[in-house]
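Some notes on the structure that comes next.
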Amino acid sequence: MKLLIHGRNLEVTPAIREYTETKLTRAITHFEGMVKEADVHLSVARNPRVPQQIAEVTMFANGTVIRAQEHSDNLYASIDLVASKLTRQLNRYKERVHERHQGPVHRSARDEEAGAASLPPPGSSLTDGKEPELPSRGVRRKYFAMPPMSLDEALHQLELIDHDFYVFREAESGQIQVVYHRNHGGFGVIQPKDA
């Protein structure tokens, strides 16, 4: 596994690097074949009145992004917390993949062709043919592939990335939708309204 460790407002000492590598390697021991790369960001809050030490990890498992973030008063505790959270998320991901391979697949050839037609050709990039331009101040743009998926698949992705929302292309309608965590529990979906 390729492991990149970055520090923000702190120096990543050999002891911190070794502790992080040990914890993350232990967290993914049962998933080594799936996880190819992990990007770790360790940071300390700039405000001295708020002793917050953050560990954020983004893993790439067979093309799926799995992200976790934890914070506490101690950097080592944050690393422990994020490692255990990643283990749980990888377990869910592995179970989901296992269920998908065990159950019958109910996709028609037309659906397969439609999905393949929406992907860029092999060897090309999503940004081919686009000119780079600087975004306006304060705006960060992200580009990512949006293969069609069901609401259940989008909810699963939402759990894996550890964000408040997930943007996806709904398989039946082809519309862009957003699934999000509601403040009082459960999930919500934002979808376009037909005019």
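The values are calculated or read from the model by the stated rules, or taken from the named source; none is laboratory data. Bear in mind that the values here come from a model prediction, so they are computed numbers and not experimental data. Neighbour counts run over all protein chains shown; Cβ positions are idealised from the backbone, glycine included. Quick note on the areas: whole protein, heavy atoms, side chains included, nothing else; ligands and nucleic acids left out. Shrake-Rupley method; radii C 1.70, N 1.55, O 1.52, S 1.80 Å.
Here are some notes:
- Counting only protein chain heavy atoms and rolling a 1.4 Å probe, the accessible areas of THR25, THR64, THR87 rank, largest first, as THR25, THR87, THR64.
- Relative to the current alpha-carbon distance between ASN91 and GLU131, full extension at 0.36 nm per residue lengthens the span by 10.4 nm.
- Cut-off 17 Å (backbone N to label point 7 Å along Cα→Cβ of GLN69), residues of the stretch 137-169: 139-142, 158-167
- Spin-label pair ARG17/LEU4, simplified geometry with 7 Å Cα→Cβ offset, distance in nm: 1.6
- Computed with a 1.4 Å probe on the full set of protein chains, the accessible area for VAL65 sits at about 60 Å².
- Each Lys and Arg adds +1 at its Cβ and each Asp and Glu adds -1 at its Cβ; summed about the Cα centre, the stretch 12-81 shows a dipole of about 160 debye.
- Order of exposure, largest accessible area first, which applies to LYS142, LYS193 with probe 1.4 Å: LYS193, LYS142
- All lysines inside 24 Å of LYS94 as judged from Cα atoms, apart from same-chain residues fewer than 8 positions distant: LYS2, LYS23, LYS36, LYS85
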